[in-house]
1. Taking into account only those residues within the stretch 67-95 that are farther than 16 Å from TYR343 by Cα and among the charged types (D, E, K, R), which is surrounded by the most Cβ atoms within 10 Å (Cβ to Cβ)?
2. Are any of the residues in the stretch 378-396 surrounded by fewer than 13 Cβ atoms within 10 Å (Cβ to Cβ), within 30 Å of GLU326 (Cα to Cα) and without any contact (Cβ under 8 Å) to a residue 40 or more places away in the chain?
3. Consider only pairs whose beta carbons are under 8 Å apart and that are at least six residues apart or on different chains; among these, list those whose first residue lies in the stretch 136-154 and is surrounded by fewer than 21 Cβ atoms within 10 Å (Cβ to Cβ) and whose second residue is small (Gly, Ala, Ser) and not in a strand (DSSP E or B).
4. So which of HIS77, HIS93 ends up being modelled with pLDDT of 95 or more and outside any helix (DSSP H, G or I)?
5. Condition first: in a helix (DSSP H, G or I) and of a type in the set (A, V, I, L, M). Now tell me which residues in the stretch 48-74 satisfy that.
6. Pairs please, first residue from the stretch 101-120 and farther than 21 Å from ASP355 by Cβ and free of Cβ contacts under 8 Å to residues at least 60 places away in the same chain, second anywhere and surrounded by fewer than 21 Cβ atoms within 10 Å (Cβ to Cβ) and of a type in the set (Asp, Glu), Cβ atoms under 9 Å, 6+ apart in sequence or on different chains.
7. In the stretch 178-216, what count of residues is obtained for those that are of a type in the set (Gly, Ala, Ser), farther than 24 Å from ARG269 by Cα and within 18 Å of the chain's Cα centre (by Cα)?
8. Report, by residue number, each residue of the stretch 262-287 that is out of contact with any Asp or Glu (no Cβ under 9 Å at 6 or more places or on another chain), assigned to a helix (DSSP H, G or I) and surrounded by fewer than 19 Cβ atoms within 10 Å (Cβ to Cβ).
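The values are calculated or read from the model by the stated rules, or taken from the named source; none is laboratory data. Worth saying up front: this structure is predicted, and the values here are computed from it rather than measured. Reconstructed Cβ throughout: ideal geometry from the backbone, glycine too, with neighbour counts over all protein chains shown.
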Amino acid sequence: MDGFPGLRMRGPRRAAGAAFVAALVGGGLMAPGIHAQAATGGTGDPHLDIALRVLAMTPLIDGHNDLPWQIRIHPDHPMDVEAYGIETREGGHTDLRRLREGRVGGQFWSVYVPVSAMETGAARYQLEQIDLALQIIENHPEDLELALTADDVVRIFRQGRIASLLGLEGGHALENSLGALRAYHALGARYLTLTHNAHLDWVDAAVDPPLHGGLTAFGREVIGEMNRLGMLVDLSHVSDGTMSDVLDVSEAPVIFSHSSVRALTDHPRNVPDSILDRLPENRGVIMITFVPSFVSQEVRDHGLAGDDAVGPAPRATLAQVADHIEYVRDRIGADWVGIGGDYDGITTVPEGLEDVSTYPALFAELSRRGWTEDELRKLAGENILRVMREAEAVARRLQRERGPSTATLEEVDGVPAGG
């Protein structure tokens, strides 16, 4: 279906010129259904007009949204996609109407599995979350479609739907099995966050003192097999040592699906300059998150103070998120930055970025700061599409060179699982 069903426009886009818009649509560069609004006039804010024009021509691809988790834990209808109802919701951060208002063109849906699931079977939990995410997509074929490649994302966007990708959050769901990794990839998973907030047998997380110093030998086997599959390696949640080890061994670009920069907010989940400086060589991308304690030092400090905190809790702001995005551009360039909001995975949000409808406001702010349309297109989706295409090319090469790895934790690291 042409257009964005159910979209309630907050304001028509800036006139781009009828001939220009017709050329974009005729050439397949603009999503159907958007061109009419793009040609009818302005919002009254030239920077918002620029943002809307950019997002009409380039898919905004967010690296991390936890809607599947919210459906799983819904107090009245747990795991019931239909009962949750994502067409128009009053609560939460995400529904189809707000995704359309936010001009989202591609979304990595996080299929998160808590570390506690290891006690009863993390793989079963993971399969349930993948099934739940696939139900979300399959129940809304006019709005969503599963994407497995970069070309899929572009095609789906041009057809007026939101390209939906799956991202596994937590390598514990592998249960130390490369066969499980391959099975998840076959089900549609296109990135793996190596761990969450706990060390695994083969990789260190960010929030505790190091256990392995980064990756173990089996951890390097995991990275090699991910490269062979074309599954993106996600370094959000891992330790600095793990970040460095992965950059040493990965043959494909990496991502940080939802992290910000440590130079502005001193949080262990953020990325230090020493790692940022290596991203251009790897050709990876850091997708800046909106988590308040990751983007505001004031929020971080207030949280650390606990019961000793003085005064009301401060709020993070859209401007602070923009500061993190600009920091990456100014330090290493606009080719290595993207967006990973973490909506529905956080309980508080920055002022001005209350839900998925607000992305255009962030792009408008960057335009006010002097970002060019080329830079905004890179931020929106061109950078992560490049990463996906390069990872796909690496996978094609490696699949010609070698077959699936048969490595096991016990064989490679010489210790039993859990040891």
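1. ASP80
2. Yes - at least one qualifying residue is present in the stretch 378-396.
3. Between residues of the stretch 136-154 that are surrounded by fewer than 21 Cβ atoms within 10 Å (Cβ to Cβ) and residues that are small (Gly, Ala, Ser) and not in a strand (DSSP E or B), the close pairs are LEU146/GLY188; LEU148/GLY188.
4. From the options HIS77, HIS93, the qualifying one is HIS93.
5. LEU48, ILE50, ALA51, LEU52, VAL54, LEU55, ALA56, MET57, LEU67, ILE71
6. MET118/GLU175
7. Adding up the residues that qualify gives 1.
8. Of everything in the stretch 262-287, those that are out of contact with any Asp or Glu (no Cβ under 9 Å at 6 or more places or on another chain), assigned to a helix (DSSP H, G or I) and surrounded by fewer than 19 Cβ atoms within 10 Å (Cβ to Cβ) turn out to be ASP273, GLU281.
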